[in-house]
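Heads up: the structure comes next, in structure tokens.
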Amino acid sequence: MYMKKFIAHPRYPEKLQKLYRLAYNLYFAWNYEVINLFYRIDPQLFRTCEHNPVRFLYNLPEEKTASLAQDEGFLFELEKVWSKFNSYLNYQPILECPGDSAVAYFSMEYGLHESIPIYAGGLGILAGDFLKGASDLGIPILGVGLLYSHGYFTQRIDPSGNQRELEKHPYDKSVIPVKELRGPEGKNPVVINCEFAGQLIKAKLWQADIGKTKLLLMDTDIEDNTPYARALTDGLYPADREKRILQEMLLGVGGIQALSAAGCLPNIYHLNEGHSAFLIAARLNHLMANESLSFSQAKAVIKASTVFTTHTPVVAGNENYPVETVKKYLGPELQKAGLDFDMIKNYGLLNGDSETFWLPAFAIHFAGFVNGVSRRHCEVAHRMWAPLFPNLSPLEIPIRHITNGVHNSWISEPFTDIFNRYLGPNYIHSTQEDKIWEKIYEIPDEEIWKAHRRNKQDMVVFLRKRLTESFSSRGYSPSRISEFTKKLNPDSLTIVFARRFASYKRPGLLMNDAQKLKEILSKADKPVQLIFAGKAHPADEQGKKMIKQVMDFAVDAEMEDRIFFFENYDINLARHLVWGSDVWLNTPVEYMEASGTSGMKAGMNGVLNLSVTDGWWVEGCNGKNGWGISAGEFISHPELRESAEANQIYTILDEEITEIYYNRGELGIPERWIEMMKESLFSVCRKFNINRALTQYMNDAYIPCMEKTAKLKKDGGSLLKQAERREEQILKSWQDISFAGFDPGIDKIETITENQELSASCSVNLAGMDPKLFTVEIFYMPDEEEFIIIPLEMTGIENGLARYSGQFKVSGRGSQSLNVRIRPADPVVSEIHPELIKWKPGED
Ligand SMILES: *Cc1c(COP(=O)(O)O)cnc(C)c1O
């Protein structure tokens, strides 16, 4: 029987309308005074509703709302919170963004708050933080994503240490802080119609408000869809490959439609990871079919306006499909633009494999700005993606780095209070350059220690509750449970390892030498407790084994009173752990952690990092704010490396961490520890705040991209047309162009010394082409890491050969190298054809 569905909202007293509006803006997720309003009404109910204010208000009995509307004290507080919210919305951003430009940010997942379970892990949390930070800084970013019907799996660990994944239940979308997007005058929900490989798929649009930022979410679970299409946005990262590629078609191609249905025409498209790469096809289609651009022109426009962020430091971990599968879905989309898939597919191939289409490769070819998420990751990304740029020097691979950051909402309430009082409340709008962070050093030690103690106490209370829940569900007796939960000690030095359980993160590294670890944990005067949490991907047997290994170790080593594993790592658990631990442990295999962000969250709360110097910690560790594990750096044998690293951890724990932590001064506070906490607070808040990352995206990516796009569009696209004419000529003759001779000016000199002026010359057979079409230049490397480009000047044409010459100075000393090359002079042509570079071949 057909039943049409609709949502009936509760009716709130006029005086509580502001409360209702606060519940629908995720601003509540990082403003404790809003959260505290809800706690004040009914703490028990608010917890039962998993901190979801919309569901909470929905479940409030009418008598309660009626009495609140009469409660002068409550209304006073509501007014205060409301007024702060309004000043926040009206805060003038420091960053200037040209005109009414906007950035559309595409991500497969968003970790915003536990009430909207549309994230799986780090990638999503970063995307959520990104949108929150954009709101704080007033950067006009608009998120695009999917509204899944149920969240990532719930993890349970059975008594033998095996991970169980609970069956997922859909949540009720009508009681989360997301609203249906409505058409003109609020009539009718907005629905987009997509057709992918002949399948009609409709998606309803929802909107989440995150402070000033908006997030558009697509949802296919509507009655008009076939059952298969309805199930498309069921959950994250389905194992069914067809379903997964359809989700990605929806995100990319559907996302472009969604933006237009919502009345947005962004200037910049930012792809967070490769999942959304298919949007390039939708844009080609739009630019070619609607705006009548040629492929080259469309590519130039897309490159000028696309930003791509890669996060995955191993090729295999990147999104890919058999070429045939991509053809099935992308082919029809490209056809609309008059494009043949067989031509476009080359942009998705890698390393000579013609069967696999890589989404990030596709994105990299069409993005004008590509970045990795830490300095170290950028080096890795260069090596990984260099084959996409066979004619560029490895030093020129156009992948930059913008190190990740985390949002201020990861700062706990006690530290937020302290920052408000000592830094002033506007620190949330600050970036790295602001002097404001230096005030952290002026905060009295006692205040810092008090705040940390409170966080730790709260963490222990929270964890005891969690333990009680899991043990009750296993059928343990209350007395046994209470005996066990008491073992969690708020006075013990607490080390936390909480993240996805995956082989490369090596959760078991600490157990490399059982005896040694046991000694460290069980010193009577300096007790240490270890807390683990993390999910293994359902298909990752290795990861699941590691959970079991930790659980078994605790039992076998009789360390159950010192080693704890907490089920179901999610935002809520993460929050308590990064707030309340003393030491945040991270042990990835080097080069495998792209950035890592949980350590930043911990560091912003004065928790000290003990981490392999990889990812963000290469830049973050300064010797004063935590500890770097580096003993494995030059050891390639995995077992030797692990034992070297484990031994280094034991030494640091033994000689530094426990010593400094338990060395208490007169007031009973560990002064040196607090000194390190301050270093951590200062260095991490200043440099690894998402505001710093956003400023970089703005200055290095968005603004230059906006300027470039505007230039291309100017005068009816005259630059594009000019570039196209040049491109045509160059392509015609490119294969016939060759170097006829090159004298770098060094061969006849007996000794070359630094600062010496050299004259280079060369002759080129331009195959009768206009020399103005080309640039001839020397690519000079004073050392392995640097290059200087010296353009040569054309001096004349003789016997059909163009002669070029120029001067340059020897820079520095040591082993150096150079060569000469030719490429198109037009920057637009160069941009769309990075492969058009011809180096003078070697002599042999
Ligand atoms: C921060 C966070 C992550 C990412 O942490 P990493 O250190 O990058 O592994 C994953 N899950 C949750 C719930 C988080 O809060």
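The values are calculated or read from the model by the stated rules, or taken from the named source; none is laboratory data. Predicted model, so just to flag it, every value in this text is computed and none were measured. Heads up, the Cβs are rebuilt from the backbone with ideal geometry, glycines too, and the neighbour counts pull from every protein chain shown. Accessible surface areas use protein heavy atoms only, side chains included; no ligands, DNA or RNA. Shrake-Rupley method; radii C 1.70, N 1.55, O 1.52, S 1.80 Å.
Observations, loosely collected:
- ASP158 vs. criteria of a type in the set (Asp, Glu) and either farther than 30 Å from PHE532 by Cβ or modelled with pLDDT under 95 (or both): yes
- ILE440 vs. criteria in a helix (DSSP H, G or I), touching a strand residue (DSSP E or B) at 6+ places or on another chain (Cβ under 6 Å) and at pLDDT 95 or above: no
- Identification of helices (runs of 4 or more DSSP H) wholly contained in segment 357-426 with 3 or more residues that are within 24 Å of the chain's Cα centre (by Cα) and in contact (Cβ under 8 Å) with a residue 60 or more places away in the chain yields 359-366, 375-385.
- ILE245 vs. criteria within 20 Å of PHE278 (Cβ to Cβ), under 22 Å from the mean Cα position of the chain (by Cα) and either of a type outside the set (Ser, Thr, Tyr) or open to solvent by 30 Å² or more (accessible area, probe 1.4 Å) (or both): yes
- Being within 12 Å of the ligand (Cβ to nearest atom) and crowded, with 24+ Cβ neighbours inside 10 Å is not true of LEU653.
- LYS5 vs. criteria under 20 Å from ILE210 (Cα atoms), open to solvent by 70 Å² or more (accessible area, probe 1.4 Å) and of a type in the set (D, E, K, R): no
- Once segment 547-589 is narrowed to residues that are open to solvent by less than 10 Å² (accessible area, probe 1.4 Å) and not aliphatic (A, V, I, L, M), the residue that is nearest to the chain's Cα centre (by Cα) is PRO588.
- Index of the failed condition, LEU350 passing every other in (1) surrounded by 15 or more Cβ atoms within 10 Å (Cβ to Cβ); (2) closer than 22 Å to GLU195 by Cα: (2)
- Selection of first residues in segment 56-69 that are within 18 Å of VAL34 (Cα to Cα) and modelled with pLDDT of 95 or more and of second residues that are open to solvent by 20 Å² or more (accessible area, probe 1.4 Å) and part of a helix (DSSP H, G or I), restricted to Cβ pairs under 6 Å at least 6 apart or on distinct chains, gives the following pairs, ordered by first then second residue: ALA69/LYS15.
- Filtered residue count, segment 769-799, keeping only those that are surrounded by fewer than 18 Cβ atoms within 10 Å (Cβ to Cβ) and aromatic (Phe, Trp, Tyr): 1
- Selection within segment 502-528 - open to solvent by 10 Å² or more (accessible area, probe 1.4 Å) and over 35 Å from the mean Cα position of the chain (by Cα): ALA514, GLN515, LYS516, LYS518, GLU519, SER522, LYS523, ALA524, ASP525, LYS526, PRO527
- Total residues in segment 456-499, condition within 26 Å of MET677 (Cα to Cα) and within 16 Å of the ligand (Cβ to nearest atom): 8
- Residue selected from segment 184-217 under the condition open to solvent by 30 Å² or more (accessible area, probe 1.4 Å) and among the hydrophobic types (A, V, I, L, M, F, W, C), by the criterion nearest to PRO140 (Cα to Cα): VAL191
- Yes/no for LEU766 being surrounded by 14 or more Cβ atoms within 10 Å (Cβ to Cβ) and within 45 Å of the chain's Cα centre (by Cα): no
- Residue in segment 313-332 that is among the polar types (S, T, N, Q), open to solvent by 20 Å² or more (accessible area, probe 1.4 Å), within 25 Å of GLU835 (Cα to Cα) and in a strand (DSSP E or B) present: yes
- Within segment 333-347, the set of residues being under 17 Å from PRO387 (Cβ atoms) and either under 26 Å from the mean Cα position of the chain (by Cα) or open to solvent by 70 Å² or more (accessible area, probe 1.4 Å) (or both) comprises ASN346, TYR347.
Let's see how each residue does on (1) within 30 Å of ASP525 (Cβ to Cβ); (2) β-branched (Val, Ile, Thr); (3) open to solvent by 20 Å² or more (accessible area, probe 1.4 Å):
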position: ILE411; (1), (2), (3): no, yes, no
position: TYR422; (1), (2), (3): no, no, yes
position: TRP437; (1), (2), (3): no, no, no
position: ASP445; (1), (2), (3): yes, no, yes
position: PHE462; (1), (2), (3): yes, no, yes
position: THR485; (1), (2), (3): yes, yes, no
position: VAL496; (1), (2), (3): yes, yes, no
position: ARG500; (1), (2), (3): no, no, yes
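- Within segment 409-437, tally of residues that are among the acidic types (Asp, Glu) and modelled with pLDDT under 95: 2
- Taken over segment 720-743, the criterion of being surrounded by 18 or more Cβ atoms within 10 Å (Cβ to Cβ) and farther than 18 Å from ILE837 by Cβ is satisfied by LEU720, GLU724.
- Only one entry of LEU22, LEU16 meets the criterion of being touching a residue at least 24 places away in the same chain (Cβ under 8 Å) and in contact with a Ser or Thr (Cβ under 8 Å, 6 or more places away or on another chain), and that entry is LEU16.
- Selection of first residues in segment 658-687 that are at negative phi and of second residues that are of a type in the set (Asp, Glu) and open to solvent by less than 10 Å² (accessible area, probe 1.4 Å), restricted to Cβ pairs under 7 Å at least 6 apart or on distinct chains, gives the following pairs, ordered by first then second residue: TYR661/ASP582.
- Scan of segment 118-161 for residues that are of a type in the set (Lys, Arg) and either on the phi > 0 side of the Ramachandran plot or within 16 Å of the ligand (Cβ to nearest atom) (or both), ordered by number: LYS132
- Matching residues in segment 594-627 - criterion: being touching a strand residue (DSSP E or B) at 6+ places or on another chain (Cβ under 7 Å), away from the ligand (no atom under 13 Å from the Cβ) and open to solvent by 10 Å² or more (accessible area, probe 1.4 Å): THR613, CYS621, TRP627
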